[in-house]
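The values are calculated or read from the model by the stated rules, or taken from the named source; none is laboratory data. If you're wondering where the values come from, they're calculated on a predicted model, not measured in any experiment. So basically every Cβ, Gly included, is an ideal-geometry build from the backbone, and we count neighbours across all protein chains shown. In case anyone asks, the SASA skips ligands and DNA or RNA and just uses the protein heavy atoms, side chains included. Shrake-Rupley method; radii C 1.70, N 1.55, O 1.52, S 1.80 Å.
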Amino acid sequence: MIELKNVKKKFGNNEVLHDVSLSVNDGEVVVLLGPSGSGKTTFLRCINFLERADAGILKFDEEEIDLKRAKKKQILDIRRNSAFVFQNYGLFNNKTALQNIMEGLVVVQKRSKEEARKIALDSLEWVGLKDKADYYPSQLSGGQQQRVGIARAVALNPKFILFDEPTSALDPELVGETLSVIKKVAKKGITMIIVTHEMSFAQEVADRVIFMDGGVVVEEGAPDEVFYKPKEERTKKFLARILQKDMYYI
Amino acid sequence: MGFNFSYFVTSFKQALLYVPVTIKIMLVTFVVSFIIGTIIGAVRFYKIPFFSKFFSIFVTIYLGLPVTVALVLYNLIFLTCYNDFANFFHINKQISDINPIFVAYIALIAGYSCNLSETVRGNLRSIDKTQFEAGYSIGLTKLQTFRNIIFPQMIPNMIPGLLNNLIGILKGTNLVSTIGITEVMVAALYPCQETYSYLEGYLAAAALYWIIGIVIENIGHFVIKFSSKNNKEVWNYD
């Protein structure tokens, strides 16, 4: 179980996170929704210490970590128990798809090269890219790169995976293949926190949906509840815009 | 005053004997400066407390110091302080037994480390932020991320800058003659003392520097071509 309490973050004078709390059960898939600038991505990055929060507590594995004053060892511990999937893929440009996955297994988990290779190949096969093992990121399409990114995250066997708008940089055709891989990860029972703008995907994959705006959690609940019976005025407004996005007025 | 070709050849031949000296000074300076420059550049990029500030001030001040001034200054300090230093550490060597090349290396390396640190820092800043974050996110430490991910990616981008520095160092090597070390230029002028053929002597030295410079540039262009054409091979370091 991951528990976050009273997370606050400011960039200069701009308060991005205003007291956000969240707890995620083991195996649960939580989707963060909300307009741009609502602090979803910042919140996600704070969990993995890619962004240092100004205040807040992270409770994980019976350990309480102060987000602001976390020590190097604690940060490394969290990072080694989690994985992050980036909006712009974040594959190492100087390494092949296979080497990208092997890097963490060899350097961080201290596995032998043969063992790491086997795990990496299995992982690539699992996302349907075994034939691209020796390709460099620049030789892969966006969707393929993101699938390698997910394979890299899953291969590390993390306790939880954070997805930061995994499909935002992809064209509509490539979104599908990436989402289906994420659904496969969800079926594995790994705890996931996903930031996305794909509403139908969110509805399908999420156990719980959290709607954020202006650095606070506005509403949370089961997907059907939030999507069809939103209580808050702000949520209704946002969903009305999103669900009718095919209608344009000129 | 006419141009005497045989004097030119004599000077050229004499200078040719000292090409290994020049090349050695150049390569040692380059390699050591690159290592130190990478460390300084990385320390400043990662904003490591104290050292970052220290190097930032050091580089700012030192970049303004001409290499010749540094050379002569260090040599003077060396000459005046050596005896005290030797007595203090009970070293039984006379000052004349010590090769002034070490003074030259200190002056050259200090100067060119600053230049190279700026090249490294500039390249470090051009690497996409996500590359760092991806490394951290899978649990690599800062050092592991730098060594395995960032540095290998910097090399291809850095080649033109490194080449530029290498040629700068080549031209800088002739400054060591100010503290009495014989290299290509001084050697080319040896025969001139009898014949007063200084024009031929300097031209011979110039010709040799040109040749070495052109060779280095061509090697560099080959490497750049190779790295842009076969990106795949260059990226592959394992």
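Given the criteria more than 14 Å from chain A (Cβ to nearest Cβ) and either modelled with pLDDT under 90 or open to solvent by 40 Å² or more (accessible area, probe 1.4 Å) (or both), does B:PRO156 qualify? Answer is no for this residue. The residue that is surrounded by the most Cβ atoms within 10 Å (Cβ to Cβ), counting only those in the stretch B:84-108 that are among the β-branched types (Val, Ile, Thr) and at pLDDT 80 or above, is B:VAL103. Among the listed residues A:VAL205, A:VAL218, identify the single one that is more than 19 Å from the chain's Cα centre (by Cα) and either buried (at least 21 other Cβ atoms within 10 Å of the Cβ) or away from chain B (no Cβ under 14 Å) (or both). The conditions single out A:VAL218.
Can you find a residue in the stretch A:21-41 that is of a type in the set (S, T, N, Q), in a strand (DSSP E or B) and away from every other protein chain (no Cβ under 14 Å)? Yes, the conditions are met somewhere in the stretch A:21-41.
Screening A:GLN144, A:GLN139 for residues that are surrounded by fewer than 23 Cβ atoms within 10 Å (Cβ to Cβ) and more than 14 Å from chain B (Cβ to nearest Cβ) leaves exactly one candidate, A:GLN144. Among the candidates A:GLN74, A:GLN87, the residue that is of a type in the set (S, T, N, Q) and free of Cβ contacts under 8 Å to residues at least 24 places away in the same chain is uniquely A:GLN74. Of all the criteria given as (1) in contact with a Leu (Cβ under 8 Å, 6 or more places away or on another chain); (2) at pLDDT 90 or above; (3) within 27 Å of B:VAL103 (Cα to Cα), the one not satisfied by B:VAL120 is (1). Residues that are facing another protein chain (nearest Cβ under 7 Å) and hydrophobic (A, V, I, L, M, F, W, C) within the stretch B:135-153 comprise B:ILE138, B:LEU140, B:ILE149, listed in sequence order.
Summed over the stretch A:167-178, residues that are open to solvent by less than 50 Å² (accessible area, probe 1.4 Å) and over 19 Å from A:GLU125 (Cβ atoms) total 5. (1) in a loop (DSSP other than H, G, I, E, B); (2) more than 9 Å from chain B (Cβ to nearest Cβ): which one isn't true of A:LYS59, the others all being true? In the conditions (1) in a loop (DSSP other than H, G, I, E, B); (2) more than 9 Å from chain B (Cβ to nearest Cβ), A:LYS59 misses (1) alone.
When residues in the stretch B:122-140 are screened for being within 21 Å of A:ILE161 (Cβ to Cβ) and in a loop (DSSP other than H, G, I, E, B), 3 of them pass. Condition (residue is facing chain A (nearest Cβ under 9 Å), crowded, with 20+ Cβ neighbours inside 10 Å, under 19 Å from A:PHE84 (Cα atoms) and in contact with a strand residue (DSSP E or B) (Cβ under 7 Å, 6 or more places away or on another chain)) applied to the stretch B:125-134: is it met by at least one residue? Looking through the stretch B:125-134, at least one residue is facing chain A (nearest Cβ under 9 Å), crowded, with 20+ Cβ neighbours inside 10 Å, under 19 Å from A:PHE84 (Cα atoms) and in contact with a strand residue (DSSP E or B) (Cβ under 7 Å, 6 or more places away or on another chain).
Against the conditions (1) without any contact (Cβ under 8 Å) to a residue 24 or more places away in the chain; (2) not in a loop (DSSP other than H, G, I, E, B), A:PRO230 satisfies every one except (2). Filtering the stretch A:90-109 for residues that are free of Cβ contacts under 8 Å to residues at least 24 places away in the same chain, more than 22 Å from A:PHE49 (Cα to Cα) and more than 12 Å from chain B (Cβ to nearest Cβ) leaves an empty set. Exactly one residue out of B:VAL21, B:VAL9 is buried (at least 18 other Cβ atoms within 10 Å of the Cβ) and either touching a residue at least 12 places away in the same chain (Cβ under 8 Å) or of a type in the set (A, V, I, L, M, F, W, C) (or both), and it is B:VAL21. The residues listed here are A:SER123, A:SER112; of these, the one that is open to solvent by 30 Å² or more (accessible area, probe 1.4 Å), hydroxyl-bearing (Ser, Thr, Tyr) and either in contact with a Lys or Arg (Cβ under 9 Å, 6 or more places away or on another chain) or more than 10 Å from every other protein chain (Cβ to nearest Cβ) (or both) is A:SER112. Is it true that B:ASN75 is open to solvent by 40 Å² or more (accessible area, probe 1.4 Å) and out of contact with any Asp or Glu (no Cβ under 8 Å at 6 or more places or on another chain)? Considered against the rule, which asks whether it is open to solvent by 40 Å² or more (accessible area, probe 1.4 Å) and out of contact with any Asp or Glu (no Cβ under 8 Å at 6 or more places or on another chain), B:ASN75 comes out as no.
Every condition in (1) at negative phi; (2) surrounded by 17 or more Cβ atoms within 10 Å (Cβ to Cβ) is met by A:LYS71 except one, and the failing one is (2).
Please work out if B:PHE50 is modelled with pLDDT of 90 or more, more than 18 Å from the chain's Cα centre (by Cα) and surrounded by fewer than 14 Cβ atoms within 10 Å (Cβ to Cβ). The answer is yes for B:PHE50.
Please tell me if A:ASN94 is over 26 Å from A:VAL175 (Cβ atoms), open to solvent by less than 60 Å² (accessible area, probe 1.4 Å) and out of contact with any Ser or Thr (no Cβ under 9 Å at 6 or more places or on another chain). Yes: the conditions hold for A:ASN94.
One residue is enough: does the stretch B:109-120 have a residue meeting the conditions assigned to a loop (DSSP other than H, G, I, E, B) and on the phi < 0 side of the Ramachandran plot? No, the stretch B:109-120 contains no residue that is assigned to a loop (DSSP other than H, G, I, E, B) and on the phi < 0 side of the Ramachandran plot.
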